[in-house]
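The values are calculated or read from the model by the stated rules, or taken from the named source; none is laboratory data. Computed from a prediction, not measured in an experiment: that's the story for all the values here. A quick note on method: Cβ atoms are made from the backbone with ideal geometry, for glycine too, and the neighbour counts reach across all protein chains shown. Side chains are part of the model used for accessible areas, which takes the heavy atoms of the whole protein and leaves out ligands, DNA and RNA. Shrake-Rupley method; radii C 1.70, N 1.55, O 1.52, S 1.80 Å.
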There are 2 protein chains.
Amino acid sequence: MLKCIVVSTPDAKFSALALKEDFKDSLRKVSELGYDAVELAVRDPKMIDANEITKLLQQYHLTVPAIGTGQAYGEEGLSFTDTDPEIRRKALQRIKDQMNLAIEIGGSQVIIGLIRGNVKPGRDQKEAEKNFIDCISECLEFRPQITLALEPINRYETNLYNDVRSAKRIIDKVNRSNLRMLVDTFHMNIEEPNIVESIRYAKNDISHVHFADSNRWPPGCGHINFKEILTALDEIKYKGAISAEVLPKPTPEECLRLTIEYYKQLGIRS
Amino acid sequence: MLKCIVVSTPDAKFSALALKEDFKDSLRKVSELGYDAVELAVRDPKMIDANEITKLLQQYHLTVPAIGTGQAYGEEGLSFTDTDPEIRRKALQRIKDQMNLAIEIGGSQVIIGLIRGNVKPGRDQKEAEKNFIDCISECLEFRPQITLALEPINRYETNLYNDVRSAKRIIDKVNRSNLRMLVDTFHMNIEEPNIVESIRYAKNDISHVHFADSNRWPPGCGHINFKEILTALDEIKYKGAISAEVLPKPTPEECLRLTIEYYKQLGIRS
């Protein structure tokens, strides 16, 4: 399994040279600490320089198992289930751009997290699901070689697809081989009655894994039993990345160090 | 320890006879199932008939270890830390009314949950804390025989006092013997790096306990280790109630039954 951690790309729009230097510096540190890969969090692929990023990734011997897309929802409000068709169209285009970026930088997956949106009170859940299926199906067809990884996210952040069972239901309904699932231990700690059983339940769907502890600090800083989770992942023959999507705690530097040390302690091998 | 579960009181304002019958029916069921006590969730004590409730409690041999007050925030937006002094004044009056109700129905504690409020982005956290301390101090002085139980609540519901350490800090700062702490296992599962250690840390402050499983279903429906928590509570000589504040899942009826069965399985004795 690849030892991986999330790094945000600098937005060209705001990117003073300093931000680009920060990004380069993050990749250097991650590489020096012994990570194999980075999950890139990208707001808008049109705002970043894919060639420059590809060069840096090569320079630091890092691969990109997945691209995170949640910022487009958090910062711009784009979602697959908005009632406004124009916003849905923009969200759809954004994910297509992310799939193209994945091809350019040699990535293989694009994460469908918060960009699914949230169903406002009083609105028909079925209509939202139809919007979601329409958008995601068009993306899946657009680049069949790129996997979309649907992430169950806890109830406080969205009311669509909170747990592994509801994500699997929609994956089965859409029924395309490039729609799979990302499981995140922080969300699982809230939503799954039994984390290990849920991993077994989704064994044929899991294509990406986020490690974050119960308090969203680096793994090892809370009470999640990661050993038991790794055993379950071995059992289902998961070979992808273990990617830390965590708060930069106790400090951004310490977070990088604690995570890789814990990965090594757990015996995660490339 | 008292085997307890939360029951909402009917709002006089909306209380068709049917609602009062529902309330009576809930108390009857709770009593028949073998609970010792109910935690009453009350929006506004002025809207309920304390005499009638006292009679029902006697009829069904139920005591009230604590009164929950969160609805006043959820439904009316009252809070101790609102920027509007008029809203703070109303919140203060509401908690005073709840303390009077506690005296009338023979309760002993009033819960300070969401009524603490939430600090909006850009606002000074210190100013909010000062507002909180002013309000709570006035209440504590108003009825010294009634304990206020401050509940650490997870980050998604408030940004004030999310964990046992931050609650203890403010309890120590206010420094009055009738300000104590309510610990809720659902919130602890998200916020406490180690639930048992946090119970030990707050051993002199804990005056009330909520049991809810990791998914906020009845205890036993998720992955929290309640045996280990009970052992820690025994260790610190906790003698109060174990009160289930949970989603009414899988159904309201089943929720009552599953909770009491699990309490008995855990060996909780009155």
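State which residue is modelled with the lowest pLDDT when the search covers only region A:21-44 and only residues that are of a type in the set (Lys, Arg) and assigned to a helix (DSSP H, G or I). Taking the candidates together, the pick is A:Lys24. The residues of region B:27-51 that are out of contact with any helix residue (DSSP H, G or I) (no Cβ under 8 Å at 6 or more places or on another chain) and closer than 13 Å to B:Val6 by Cβ, listed by number, are B:Ala37, B:Glu39.
Here B:Gln145 meets the list (1) among the polar types (S, T, N, Q); (2) under 18 Å from the mean Cα position of the chain (by Cα); (3) within 10 Å of another protein chain (Cβ to nearest Cβ); (4) over 23 Å from B:Gly117 (Cα atoms) almost entirely, failing just condition (3).
Is it true that A:Phe211 is in contact with a strand residue (DSSP E or B) (Cβ under 6 Å, 6 or more places away or on another chain) and touching a residue at least 12 places away in the same chain (Cβ under 8 Å)?
Yes.
Taken over region B:6-20, the criterion of being surrounded by fewer than 17 Cβ atoms within 10 Å (Cβ to Cβ), modelled with pLDDT under 70 and assigned to a loop (DSSP other than H, G, I, E, B) is satisfied by B:Ala16 alone.
Answer yes or no as to whether B:Gly122 is under 28 Å from A:Asn215 (Cα atoms) and open to solvent by less than 20 Å² (accessible area, probe 1.4 Å). No: the conditions fail for B:Gly122.
Between A:Pro219, A:Pro248, A:Pro193, A:Pro252, the distinction of being within 13 Å of chain B (Cβ to nearest Cβ) and under 21 Å from A:Leu40 (Cα atoms) belongs to A:Pro219 only. The selection criterion, being under 20 Å from B:Leu258 (Cα atoms) and either in contact with a Pro (Cβ under 8 Å, 6 or more places away or on another chain) or among the aliphatic types (A, V, I, L, M) (or both), holds for B:Leu27.
Of everything listed in (1) hydrophobic (A, V, I, L, M, F, W, C); (2) away from chain A (no Cβ under 14 Å); (3) not in a helix (DSSP H, G or I), the single unmet condition for B:Ile170 is (3).
Quick check on region A:76-94. Is at least one of its residues out of contact with any Asp or Glu (no Cβ under 9 Å at 6 or more places or on another chain), of a type in the set (D, E, K, R) and not in a helix (DSSP H, G or I)? Looking through region A:76-94, at least one residue is out of contact with any Asp or Glu (no Cβ under 9 Å at 6 or more places or on another chain), of a type in the set (D, E, K, R) and not in a helix (DSSP H, G or I). Scanning region A:121-133 for residues that are touching a Ser or Thr at 6+ places or on another chain (Cβ under 8 Å) and either modelled with pLDDT under 95 or at positive phi (or both) gives a single hit, A:Arg123. Report whether or not B:Ser214 is open to solvent by less than 10 Å² (accessible area, probe 1.4 Å), within 14 Å of chain A (Cβ to nearest Cβ) and more than 25 Å from B:Ser108 (Cα to Cα). So B:Ser214 fits the description; yes.
Set side by side, the residues B:Ile136, B:Ile115, B:Ile153 differ, and just one is β-branched (Val, Ile, Thr), closer than 27 Å to B:Glu192 by Cβ and either within 14 Å of another protein chain (Cβ to nearest Cβ) or exposed (fewer than 13 other Cβ atoms within 10 Å of the Cβ) (or both), which is B:Ile153.
Taking the criterion of being in contact (Cβ under 8 Å) with a residue 40 or more places away in the chain and either open to solvent by 40 Å² or more (accessible area, probe 1.4 Å) or of a type outside the set (Ser, Thr, Tyr) (or both), the residues of region B:156-179 that qualify are B:Glu157, B:Asn159, B:Leu160, B:Ile170, B:Lys173, B:Val174, B:Leu179. Out of B:Lys239, B:Lys264, B:Lys203, B:Lys227, one residue alone is within 17 Å of the chain's Cα centre (by Cα), away from every other protein chain (no Cβ under 14 Å), surrounded by fewer than 21 Cβ atoms within 10 Å (Cβ to Cβ) and modelled with pLDDT of 95 or more. It is B:Lys239.
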